[in-house]
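The values are calculated or read from the model by the stated rules, or taken from the named source; none is laboratory data. What you see is a predicted model, and the numbers here were worked out from it, not measured in a lab. Using ideal geometry, Cβ is built from the backbone for each residue, glycine included, and neighbour counts are taken over all protein chains shown.
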Amino acid sequence: YFSDVPQAPPDGILKLSVLSRADSDPAKVDLGVGAYRDDHGKPWVLPVVREAEARLAADPAFNHEYLGVGGLPALTDAAQLLILGSDSPAIAQRRVYTIQTISGTGANMVAAVFLNQFKRPADAAVYISKPTWGNHRSIFETAGHVVREYRYCNYDTLGLDIEGMLADLRNAPNGQIVVLHACAHNPTGIDPTESQWQQIADVMAERGHFPFFDCAYQGFATGDVDRDAYAIRLFVERGFELLVAESFAKNMGLYGERTGCLHAVCKSADVVPQVSSQLNRLSRATISTASAYGAKIAATVLQDPALYQQWLVSMLEMSRRIKTMRDALRDRLVALGTPGSWDHVSNQIGMFSFTGLSRTQVAALRDQYHLYMTDDGRISVAGLNSHNIDYVAKSIDDVVRN
Ligand code: LMR
């Protein structure tokens with residue numbers, strides 16, 4: 001039975017963590033998975049998370065009971081406000097349903113299965129950016145969709161190919177499902193400007209496309225949670241029905257707790273019971289109920305005004321350290337006279353930089369310099385710090401020259 005099962009390819013991101021863990025060279029630098037590290041290369045438990053955990057531990061009413069099928073209401077309510085804004089008319093009109101998910105990936109998968117069952121037209125394909133997060137294609141294909149790509153990155157300038165993107169969305173048949181990164185595009189670190197988002201919304205409206213926003217890095221693009229939600233709020237304002245996958249992995253550092261939500265913004269409150277019943281059914285069939293611990297932590301932080309403010313400060317600290325590292329890498333490459341232009345490393349935003357290094361250069365960096373990044377040349381800038389930045393710059397300089 002099992003002997004006929006074909007070998008699956010390794011995951012392009014997670015394989016790096018395995019390879020890096022197995023590498024005991026002291027010079028090793030892991031720039032693979034998108035997870036925040038402090039200036040000593042260590043994971044950072046946010047002070048507000050420590051405080052929320054202490055409060056949970058001290059609470060005599062704390063228990064490990066199942067959550068309801070929709071998740072922890074304290075989290076789903078607060079997450080709606082965070083994504084759509086406290087003054088959101090859609091929330092006031094009770095036309096948003098939020099279900100707690102297994103972080104952003106779980107939200108993507110529930111959305112993918114839901115859309116595959118209920119998409120209109122029934123033969124609509126899913127359009128993902130070229131390139132996109134390595135898991136998007138796999139999730140949507142696993143759910144049964146046909147997946148196509150729209151142009152996104154201009155590989156010559158390592159900036160946004162807005163004309164290509166708009167043309168591909170305009171030339172797609174009406175009513176396609178379009179996966180958009182709400183902010184801090186993964187893997188490129190290239191986001192549309194506000195006026196480009198308006199152009200994208202225009203074309204999407206003209207062609208009747210359905211927006212699916214993946215929001216895994218709210219707070220990491222500009223350091224401001226509201227500015228980072230600009231695109232989502234614009235589309236809601238424009239009257240689109242849409243889905244949003246929201247993750248608390250990065251912005252609250254709750255990676256392994258798998259805390260996230262899926263939001264469905266509907267045209268009217270009347271359809272919410274239908275939509276919510278189907279999302280609840282799909283969630284029940286796959287995860288039964290979402291995980292409680294991370295949800296309780298995130299809800300504590302989001303609901304307590306003082307903790308919320310402290311959280312915003314920590315997020316700013318993380319995004320500022322990343323920005324400092326971007327500039328430091330660019331400056332060192334310029335100082336070394338490394339062939340090519342490196343301004344894009346500084347100009348890109350979020351956790352990643354799409355360096356433009358070739359597959360051969362990436363392989364050389366891994367095999368000869370113990371430096372781990374995805375095959376497409378993406379680095380997690382959070383893996384850089386004041387102790388390894390010179391080594392990383394020198395290594396990149398060496399491989400680019402050879
Ligand atoms: C990444 O792109 O590195 C992160 O989103 C982690 C993941 O699950 O792939």
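Residues that are in contact (Cβ under 8 Å) with a residue 60 or more places away in the chain and basic (Lys, Arg): find the helices (runs of 4 or more DSSP H) completely inside segment 183-240 holding 2 or more of those. Break it down into steps so the answer makes sense when it comes.
On the way: elements: 194-207, 225-228, 230-237.
Per the criteria, no element qualifies.
For Arg21, state whether it is farther than 24 Å from Ser291 by Cα and either assigned by TED's automatic domain parsing to the domain that holds Ser288 or touching a Pro at 6+ places or on another chain (Cβ under 7 Å) (or both).
Values: farther than 24 Å from Ser291 by Cα: yes; either assigned by TED's automatic domain parsing to the domain that holds Ser288 or touching a Pro at 6+ places or on another chain (Cβ under 7 Å) (or both): no.
For Arg21, the condition - farther than 24 Å from Ser291 by Cα and either assigned by TED's automatic domain parsing to the domain that holds Ser288 or touching a Pro at 6+ places or on another chain (Cβ under 7 Å) (or both) - is not met.
Would you tally the residues in segment 18-39 being under 24 Å from the mean Cα position of the chain (by Cα) and under 23 Å from Lys323 (Cα atoms)? Before you say what the answer is, go through the steps one by one.
In the first step, residues of segment 18-39 are kept if they are under 24 Å from the mean Cα position of the chain (by Cα); the result is 18-21, 29-39.
After this cut, where a residue has to be under 23 Å from Lys323 (Cα atoms) as well, the list is 29-39.
Of the residues in segment 18-39, 11 are under 24 Å from the mean Cα position of the chain (by Cα) and under 23 Å from Lys323 (Cα atoms).
Among the residues in segment 73-95, are any on the phi > 0 side of the Ramachandran plot, away from the ligand (no atom under 16 Å from the Cβ) and part of a loop (DSSP other than H, G, I, E, B)?
Initially, segment 73-95 is screened for residues on the phi > 0 side of the Ramachandran plot, giving 85, 94.
Add one more test, that the residue is away from the ligand (no atom under 16 Å from the Cβ), and what stays is 85, 94.
Pick out the ones that are also part of a loop (DSSP other than H, G, I, E, B) and you get 85, 94.
Within segment 73-95 (the criterion being on the phi > 0 side of the Ramachandran plot, away from the ligand (no atom under 16 Å from the Cβ) and part of a loop (DSSP other than H, G, I, E, B)), the answer is yes, since at least one residue qualifies.
Let's see how each residue does on (1) within 16 Å of the ligand (Cβ to nearest atom); (2) part of a helix (DSSP H, G or I); (3) under 18 Å from Thr259 (Cβ atoms):
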site	(1), (2), (3)
Pro6	no, no, no
Pro9	yes, no, no
Val18	yes, yes, no
Ser24	no, no, no
Gly34	yes, no, yes
Glu53	no, yes, yes
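If I go through segment 343-398 residue by residue, how many of them are part of a helix (DSSP H, G or I), under 15 Å from Leu19 (Cα atoms) and touching a residue at least 40 places away in the same chain (Cβ under 8 Å)? Quick ask: steps written out before the conclusion?
The first filter runs over segment 343-398 and keeps only residues part of a helix (DSSP H, G or I), leaving 343-347, 359-369, 381-383, 389-398.
Narrowing further to those that are under 15 Å from Leu19 (Cα atoms): 362-369.
If we keep only those that are touching a residue at least 40 places away in the same chain (Cβ under 8 Å) too, we end up with 366, 369.
Count: 2.
How many residues are within 16 Å of the ligand (Cβ to nearest atom), of a type in the set (A, V, I, L, M) and more than 28 Å from Gln278 (Cα to Cα) if we restrict to segment 216-261?
2
Among the residues that make up segment 335-352, is at least one of them surrounded by fewer than 16 Cβ atoms within 10 Å (Cβ to Cβ) and either in the same structural domain as Leu81 (by TED's automatic domain parsing) or hydrophobic (A, V, I, L, M, F, W, C) (or both)?
Yes, segment 335-352 contains a residue that is surrounded by fewer than 16 Cβ atoms within 10 Å (Cβ to Cβ) and either in the same structural domain as Leu81 (by TED's automatic domain parsing) or hydrophobic (A, V, I, L, M, F, W, C) (or both).
Hey, among Asn108, Asn174, Asn135, which residue is more than 16 Å from the ligand (Cβ to nearest atom) and either surrounded by fewer than 19 Cβ atoms within 10 Å (Cβ to Cβ) or at pLDDT 95 or above (or both)? Before you say what the answer is, go through the steps one by one.
Numbers: Asn108 fails: more than 16 Å from the ligand (Cβ to nearest atom); Asn135 fails: more than 16 Å from the ligand (Cβ to nearest atom).
Exactly one residue qualifies, and that residue is Asn174.
Checking Asn63 against (1) outside any loop (DSSP other than H, G, I, E, B); (2) more than 16 Å from the ligand (Cβ to nearest atom); (3) of a type outside the set (Phe, Trp, Tyr); (4) outside the structural domain of Ser247 (by TED's automatic domain parsing), which test does it fail?
(1)
Pick from segment 288-330 the residues that are surrounded by 16 or more Cβ atoms within 10 Å (Cβ to Cβ) and part of a loop (DSSP other than H, G, I, E, B): which of them is farthest from the chain's Cα centre (by Cα)?
Per the criteria, the residue is Asp304.
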